[in-house]
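Working notes for the structure below.
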Amino acid sequence: MGPLLEITKSEIPEIDFQDKFLKPIWEKVLHNEDLTLTDGVKILETEDFASVGIMADFITKNITGDKVYFVLNRHINPTNICVLSCKFCDFAKKPGDKDSYEMSIDQILDEMDDEIREVHIVGGHHPSWEFSHYVEMVKSIHEKYPKVQIKAFTASEIDYFYRRWKITPEESLSILKEAGLDSMPGGGAEVFSDRIHKMLLPGKATGDRWLDIHRIAHNMDIKSNCTLLYGHIETFEERVDHLIKLRNLQNETNGFLAFIPLEYQIGTTLLRKRHTTPFDDLKMIAASRLILNNIKYIKSYWVMIGESTASIGLNFGANDLDGTIGKERIAHAALADSPAGRAREKMVNSIKDAGRTPVERDALYNEIKVYV
Ligand code: SF4
């Protein structure tokens, strides 16, 4: 899968670059050349915010026009009990902790309804839940809500099924697919850098392992998303290196549906004192769009960056606002200030306010309704 840009489709905007280093990057974009590590870092460093936005917006409009996608979905985090202790995570608890919880399959089913199109399931690496429990979870949802597409279990969880129960990713994904799994979420990637892994998430699937598991899934015709957790202790080089690795895998498999830049939520983990600024969040969205020239959808994830910044992100290269979420616990635990639920009308209005055309989609990006 190569670049998605078709220059002949669009009128090329004149850009009055204030930062002369961006001009050669723009030339590369227009010639469908892949941006390098140095190019990516320049985009993240520049103060020529407007030019970065215009370049990214040009690519997105070229690929999906004015359309901005959203889904009626529900995020379910079946348990917060986790054997790991990632240093950026405000969500995980140990067995017996006051705020630890485990949802039964019936409780999970009760959180859902017939209206949603996608259920997104990620949770802690539970010390004793057997693999069969996860299969039962997927099967029960699929039986009760056959129209809801199931996007479940990060590569990190799939890796844990192997570490804990010696079930290989090929086996677990095949069994889960048979039970009703439609796609995989992009979480667990964090930042691929070995340095960051050693410092912040020892014991969790490495970057190479994460990529391998997504490669296996794509080869089994299971599409997935991909993410980057930014805004903590990583460098710009580490962010861009991560994006280039995702682009390389997409060239190989064409299995990624969407990329989601996830802003680190400070919560009580305090890896830094302040959140990244909206200015940096928007540049991150734009850089993702410019570097990941072969991934069709870039999300502006309102749960992490707030509704206002997410809406402006739609003019900085994003073409997906994610979903209505429902009871989202992970970001909430880290004190994200967005409301936990959001109605369809609000999503539509927010996209229209950005001057774009709202499109309701399912988990696999099939269009359900265009709101003209
Ligand atoms: S990020 Fe995931 S794996 Fe790491 S501690 Fe939190 S729940 Fe566990």
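The values are calculated or read from the model by the stated rules, or taken from the named source; none is laboratory data. Quantities reported herein were computed from a predicted structural model and do not represent experimental measurements. FYI the Cβ positions are ideal-geometry reconstructions off the backbone, even for glycines, and counts take in every protein chain you see.
Observations, loosely collected:
- Residue within segment 332-348 that is away from the ligand (no atom under 16 Å from the Cβ), over 30 Å from Thr79 (Cα atoms) and at pLDDT 90 or above present: no
- For Glu190: the one exception among (1) out of contact with any Asp or Glu (no Cβ under 6 Å at 6 or more places or on another chain); (2) surrounded by fewer than 21 Cβ atoms within 10 Å (Cβ to Cβ); (3) among the charged types (D, E, K, R): (2)
- From the options Asp48, Asp16, residue that is charged (D, E, K, R), in contact with an Asp or Glu (Cβ under 6 Å, 6 or more places away or on another chain) and farther than 30 Å from Phe153 by Cα: Asp48
- All positions within segment 31-67 that are of a type in the set (Phe, Trp, Tyr) and surrounded by fewer than 18 Cβ atoms within 10 Å (Cβ to Cβ): Phe49
- Segment 293-325, subset closer than 14 Å to Ala354 by Cα and of a type in the set (A, V, I, L, M), residue surrounded by the fewest Cβ atoms within 10 Å (Cβ to Cβ): Ile312
- Qualifying residues in segment 223-248 (those that are touching a Ser or Thr at 6+ places or on another chain (Cβ under 6 Å) and not small (Gly, Ala, Ser)) - the one nearest to Leu292 (Cα to Cα): Glu238
- Total residues in segment 120-146 satisfying the condition of being within 16 Å of the ligand (Cβ to nearest atom) and either over 21 Å from Thr324 (Cβ atoms) or assigned to a loop (DSSP other than H, G, I, E, B) (or both): the figure is 9.
- Test: Ala189 is at pLDDT below 95 and touching a helix residue (DSSP H, G or I) at 6+ places or on another chain (Cβ under 6 Å): yes
- Selection of segment 157-186 for residues being among the charged types (D, E, K, R) and either at pLDDT below 95 or within 16 Å of the ligand (Cβ to nearest atom) (or both) yields Glu157, Asp159, Arg163, Arg164.
- Residue within segment 147-156 that is more than 18 Å from Leu84 (Cβ to Cβ), within 16 Å of the ligand (Cβ to nearest atom) and in contact (Cβ under 8 Å) with a residue 24 or more places away in the chain present: yes
- Counted residues, segment 105-119 - those being of a type outside the set (Lys, Arg), closer than 19 Å to Tyr301 by Cβ and either assigned to a loop (DSSP other than H, G, I, E, B) or free of Cβ contacts under 8 Å to residues at least 24 places away in the same chain (or both): 1
- Looking across segment 42-90, the residues that are under 27 Å from Phe236 (Cα atoms) and within 16 Å of the ligand (Cβ to nearest atom) come down to Leu84, Ser85, Cys86, Lys87, Phe88, Cys89, Asp90.
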